[in-house]
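Visitor: Handing you a structure now.
Read the figures in this text as sums done on the coordinates, not as results from a lab. Bear in mind that the values here come from a model prediction, so they are computed numbers and not experimental data. We place every Cβ from the backbone using ideal geometry, glycine too, and count neighbours over all the protein chains shown.
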Amino acid sequence: MSNKVTFGLKNVHYSLATIGNDDTWSFGAPKRLKGAQELTAEVISGKTDVYADDRILATLVSNSGTTLSVKFTEIDDDFKVDVLGFVNDSNDNLVEVISDRPKTFALGYEFQGDAKSRRVWYFLCTASPISEGTKTKQESIEANSITLNITARSIESGNYSVIRQIAKFGDDNYNAFFTTGPTLPTIGI
């Protein structure tokens, strides 16, 4: 049975990705990213119609990855240091170093549904630098938010190019999904 509705966002995690000398990726222990409010994902794609004999002969579709936007109440300092290139100075102040390249990581999260709770890992992600803003308090206090813009690209798994893995409640790996770094799927035909 598939979900008819989905809702919620929780258990957002990241896992640093490291490429080895043999061009294979490994993933570190997941860390929790608290304060996630909203996530949107848009496929980076294109479509080309091939015409012949006065009609569309074929439609070519490409999937080049996914653009994710995740809205947080605040971004953890650990994530800023681990992924975005921030460092702590001798006063333990957080310093943004613009010459440091952002790190590749996997992004995981969970959402609910009427039939299945799903957990997702996007394998190879890169985050854009964050923009921050704040405003004065008025009669009522409105919390600030920060949007993290992420590009997820594909990774090779056997003969397949994959971008994400989705586990539903009851799958063999569901309970351990966020306790260890993501593993590439084994796809059998």
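Visitor: List, in the order given, every pair from Lys47/Lys168; Lys34/Lys103; Lys34/Lys137; Lys80/Lys116; Lys47/Lys71; Lys31/Lys168 whose Cα-Cα distance in the structure shown is over 27 Å.
Guide: Lys47/Lys168; Lys80/Lys116; Lys47/Lys71
Visitor: Work out the length of the dipole vector of region 30-78 about its Cα centre, built from +1 on the beta-carbon of each Lys and Arg and -1 on the beta-carbon of each Asp and Glu, and round it to the nearest 20 debye. Please report the intermediate quantities before stating the final value.
Guide: Working: 6 positive and 9 negative charges, 32 e Å.
I would put it at about 160 debye.
Visitor: Just how large is the dipole of region 105-189 about the Cα centre, in debye to the nearest 20, putting +1 at every Lys and Arg Cβ and -1 at every Asp and Glu Cβ?
Guide: Values: 8 positive and 8 negative charges, 19 e Å.
Dipole magnitude for region 105-189 comes out near 100 debye.
Visitor: Looking at Leu68, Gly113, Asn173, which one has the Cα that reaches farthest to the positive end of the dipole of the chain (charges on Cβ: Lys, Arg +1; Asp, Glu -1)?
Guide: Farthest towards the positive pole: Gly113.
Visitor: Another question, if that's okay. With unit charges on the beta carbons (Lys and Arg positive, Asp and Glu negative) and the dipole taken about the Cα centre of the chain, which residue among Ser131, Val97, Ala29 sits farthest to the positive side?
Guide: Final value for the positive-end residue is Ala29.
Visitor: Still on this structure, I have one more. To the nearest 20 Debye, how big is the dipole of the chain about its Cα centre, given +1 on the beta carbon of each Lys and Arg and -1 on that of each Asp and Glu? If you can, show how the numbers build up before the last one.
Guide: Working: 19 positive and 24 negative charges, 112 e Å.
My answer is approximately 540 debye.
Visitor: Can I ask one more? Can you give the net charge of the other residues whose Cβ lies under 14 Å from the Cβ of Val95, counting K and R as +1 and D and E as -1?
Guide: Details: positive: Lys80; negative: Asp77, Asp89, Asp92, Glu96, Asp100.
With Lys, Arg at +1 and Asp, Glu at -1, the neighbours total -4.
Visitor: Find out how many positive minus negative residues lie around Asp171, taking Lys and Arg as positive, Asp and Glu as negative, among other residues whose Cβ is under 14 Å from that of Asp171. It would help to have the intermediate numbers written out before the result.
Guide: On the way: positive: Lys116, Arg118, Arg119, Lys168; negative: Glu110, Asp172.
Residues near Asp171 contribute +2 overall.
Visitor: Compute the longest continuous run of the chain that contains no exposed GluC sites (Glu not before Pro); treat a site as exposed when its DSSP state is not H, G, I, E or B and it has at most 13 other Cβ atoms within 10 Å. Please list the in-between numbers first.
Guide: Values: sites that count: Glu74, Glu132, Glu139, Glu142.
Maximal segment without exposed cleavage sites: 1-73.
Visitor: Ile75: net charge of surrounding residues, Cβ under 15 Å, Lys/Arg +1, Asp/Glu -1, itself excluded? Let's see the in-between values first.
Guide: Working: positive: Lys31, Arg32, Lys34, Lys71, Lys80, Lys103; negative: Glu38, Glu74, Asp76, Asp77, Asp78, Asp82, Glu96, Glu132.
Its environment carries a net charge of -2.
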